[in-house]
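Colleague: Got a structure here, written out as C-alpha cells. Questions coming.
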Amino acid sequence: MRDFNQYLVNQLEALLPLNTDLNISHLTSQESTGLQAVDLFSWGIFRKYENNDAEWYNVYQHKVRFETEYLR
C-alpha cells in the first residue's frame, strides 16, 4: 500500500499546484457511501465492456460526458 500511495503522489504532484494538500485514504465501500456509488457505476461500465451487457449502464449513460476505451 505504501508503494501504491507513493506512486500516486509522484504522479499527482506533477499535475497539482504546489500549495495543494494531498491526502490518500484507503476505505472499504462499507465505510463510505460515495465509494458505494462509484462501485455501482463502475460495475455498470465493467458489465458493458466485459460482458456486452449495457442494461445498467444505459440507465445513466446520458450523464456520461466523455467515454473512451483505454488500451483497447
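Every number here is computed from the coordinates shown, using simple stated rules; none is lab data. The structure displayed is predicted, hence computed values, not measured ones. Note: ideal-geometry Cβ built from the backbone for every residue, glycine included; neighbour counts use all protein chains shown.
Colleague: Are any of the residues in segment 49-65 under 14 Å from the mean Cα position of the chain (by Cα) and assigned to a loop (DSSP other than H, G, I, E, B)?
Modeller: Yes, the conditions are met somewhere in segment 49-65.
Colleague: Being outside any helix (DSSP H, G or I) and more than 29 Å from Arg72 (Cβ to Cβ) is the filter here; which residues of segment 25-48 pass it?
Modeller: Ser25, His26, Leu27, Thr28, Gln30, Glu31, Ser32, listed by residue number.
Colleague: Select from segment 3-24 the residues that are of a type in the set (Ser, Thr, Tyr) and part of a helix (DSSP H, G or I) and list them in ascending order.
Modeller: Within segment 3-24, just Tyr7 meets the criteria.
Colleague: Filter segment 50-72 for residues that are surrounded by 12 or more Cβ atoms within 10 Å (Cβ to Cβ) and polar (S, T, N, Q) and give the result.
Modeller: Once the filter is applied, which keeps residues that are surrounded by 12 or more Cβ atoms within 10 Å (Cβ to Cβ) and polar (S, T, N, Q), segment 50-72 yields only Gln61.
Colleague: Just to check your reading of the model, which residue among Gln30, Gln36 is polar (S, T, N, Q) and loosely packed, with under 12 Cβ neighbours inside 10 Å?
Modeller: After applying the criteria, what remains is Gln30.
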